Amino acid sequence: MPRMTARSRTEKHRTSTPLELFFDLCFVVAVAQAGRRLVHALAEGHPGTGIAGYLAVFFGIWWAWVNFSWFASAYDTDDTLYRLVTFVQITGVLIFAAGVPRAFDNGDWTLGVIGYVVMRLALTSQWLRVAHDSEGAERRVAQRYATGIALVQLGWIGILFVPTDTRTAVYVVLALCELSVPAVAERDRGTSWHPHHIGERYGLFTIIVLGETIAAATVAVQESVDEHDALGELLPVAAGGLLIVFAGWWIYFAVPIHDYLRGSRQSFIWGYGHYVIFGSAAAIGAGIEVAVEEATGKAHVSTAAASAAVTVPSAVFLLTVWLLHARHFKRDLAEQLPLPLAAVAILACTFAGDYAVFAAGLVAAATVAAGVALSRRPAPDGPTSTSVPPTHA
C-alpha cells in the first residue's frame, strides 16, 4: 500500500479523477433534496423557514464536499483503502440526503446528523493515515485536522439532545467551529493542494449544480404542461431561466481561476465564498420551479414573490462570482461595472410582472454580451493586473 504523503503542487497534467466525478454526482442527490424542500416552502408562502432550512442543509453538503476536495488535491493516492473510505463518505451523503425532508418538515435532524458524522469521521480516518505516513510539520497538520474534525462531530451529535429552541444558536457555533478547523490546522504550514486541480474541481461542481438547476426546472415545466396545458404562460419563465443559467455558466468560466490561487489567504476566501456561489446556483433552479408553479396557479404566493425566488439568487450568484472570481481579471472600471450593475438590474426585474424571469434572463444575456465586447478592446495604456482571454465577461 502506498504511503499517503503530500503530492506536489507543481505536478503536471493534474486533473479530476473518475472517483471525484462520481463523488460529485452523488453529492448532487443531497443538493436536489434541499432544492425540492426549498421549492415547497417558498411555494407555500414560508420563505423565512424555507431559506433558513435550505442554508443549514446546504452548509452540511457544501462543507463535506469542500473538505474532501481539498484533501484529495493534496493527498489522493487512489489506492484501495482510499477508494473504500471515499465510498463511505458517499454513503454518508446519501444518508444525509435521506434525512433532508425530515429536517425541513419536522425539525428532525437525526438522520441528517448521522449521515454528516459518517462523512466527517471517514475524512478523519484519512487524516490519521496521513499522520501515520508523515513526519514533522506535515504530521502535526494532519493530527490537528483529525482532532479538530472529530471534536466538532461530538458537538453535532450533542445537538440532537439540546432543547429545540436553542438548536439554531448551537448550530451556528458548531458551523463556525467547522470553518475554523483548517485555519487552526494550517496555522504554521499549509497543505500542498494543486491550484489547477482545485480550480477544476470547483468548476466541475458548479457545472453539476447548474445542470441540476436545469433538470429540476425542466421537470417542473414538463409536469405543468402535461397537467395544465399552459405552455404559453410558461414560455417566458422557461426562456428566462435558460438564459440565466447559460449566462451564469459563461460568466463563471470566463477566466481560468488557477492563476489567482497562489496563497492561503486567497484560497481560503475564494474556497469559503463558494458556499454562496453553489448555494445561489442551486437556488435558481428552485426559484424557477416556484415561478412555474405560480404561473399555473399551484403556488400560494404572489407573482412578485415567485419572481423574487428567481431574481434574488440570480443576483447573488452574479455579484458573488464578481467579488470572488471575475474582478481579479478586470482591466478597468468599464469591465468592473457590468456584473454589479447586472445584479441590481436583475433585482429590479422582480417587479416586471409575468415577464420578470424573462426580463432577468435578457439582462443576464446582455451582461455576457457586454463583457465579451469590452474584453475585445485594445489593452488600456499603463500596467494591468492580469491579461484576460477574449471570452471574458
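The values are calculated or read from the model by the stated rules, or taken from the named source; none is laboratory data. Just so you know, these numbers come straight off a predicted model, no measurement behind them. As a convention, Cβ positions derive from the backbone with ideal geometry for all residues, glycine included, and neighbour counts pool all protein chains shown. Protein only, heavy atoms only, side chains kept; ligands, DNA and RNA dropped before computing areas. Shrake-Rupley method; radii C 1.70, N 1.55, O 1.52, S 1.80 Å.
Observations on the structure shown:
- Scan of region 1-50 for residues that are among the acidic types (Asp, Glu) and not in a helix (DSSP H, G or I), ordered by number: Glu11, Glu44
- Single residue of Thr218, Thr191, Thr206 found to be of a type outside the set (Asp, Glu) and free of Cβ contacts under 8 Å to residues at least 12 places away in the same chain: Thr218
- Flag if Glu233 is touching a helix residue (DSSP H, G or I) at 6+ places or on another chain (Cβ under 6 Å), of a type outside the set (A, V, I, L, M), open to solvent by 50 Å² or more (accessible area, probe 1.4 Å) and in a helix (DSSP H, G or I): yes
- As for region 321-336, it holds at least one residue that is at pLDDT 90 or above and not aliphatic (A, V, I, L, M).
- Of all the numbered requirements in (1) over 21 Å from the mean Cα position of the chain (by Cα); (2) in a helix (DSSP H, G or I); (3) surrounded by 16 or more Cβ atoms within 10 Å (Cβ to Cβ), Gly158 misses one, and that requirement is (3).
- Single condition Val28 does not satisfy, out of (1) within 19 Å of Met119 (Cα to Cα); (2) open to solvent by less than 60 Å² (accessible area, probe 1.4 Å); (3) out of contact with any Asp or Glu (no Cβ under 6 Å at 6 or more places or on another chain): (3)
- Only one of the listed residues (Val219, Val245) is in a helix (DSSP H, G or I), under 22 Å from Leu25 (Cβ atoms), in contact with a Leu (Cβ under 6 Å, 6 or more places away or on another chain) and not acidic (Asp, Glu). That residue is Val245.
- Going through (1) over 28 Å from Gly285 (Cβ atoms); (2) open to solvent by 70 Å² or more (accessible area, probe 1.4 Å); (3) at pLDDT 90 or above one by one, Thr168 falls short only on (1).
- The residues listed here are Asp188, Asp226; of these, the one that is outside any helix (DSSP H, G or I), at negative phi and among the acidic types (Asp, Glu) is Asp188.
- Residue within region 121-128 that is surrounded by fewer than 18 Cβ atoms within 10 Å (Cβ to Cβ), outside any helix (DSSP H, G or I) and among the small types (Gly, Ala, Ser) present: no
- Leading residue by the ranking (surrounded by the most Cβ atoms within 10 Å (Cβ to Cβ)) among those in region 76-101 that are without any contact (Cβ under 8 Å) to a residue 24 or more places away in the chain and farther than 21 Å from Ala52 by Cβ: Ile95
- Scanning region 102-120 for residues that are part of a helix (DSSP H, G or I) and buried (at least 17 other Cβ atoms within 10 Å of the Cβ) gives Ala103, Phe104, Leu111, Gly112, Val113, Ile114, Gly115, Tyr116, Val117, Val118, Met119, Arg120.
- Residue match in region 143-152 (condition: open to solvent by less than 10 Å² (accessible area, probe 1.4 Å) and modelled with pLDDT of 95 or more): yes
- Check on Arg189, over 24 Å from Thr311 (Cα atoms), among the basic types (Lys, Arg) and surrounded by fewer than 22 Cβ atoms within 10 Å (Cβ to Cβ): yes
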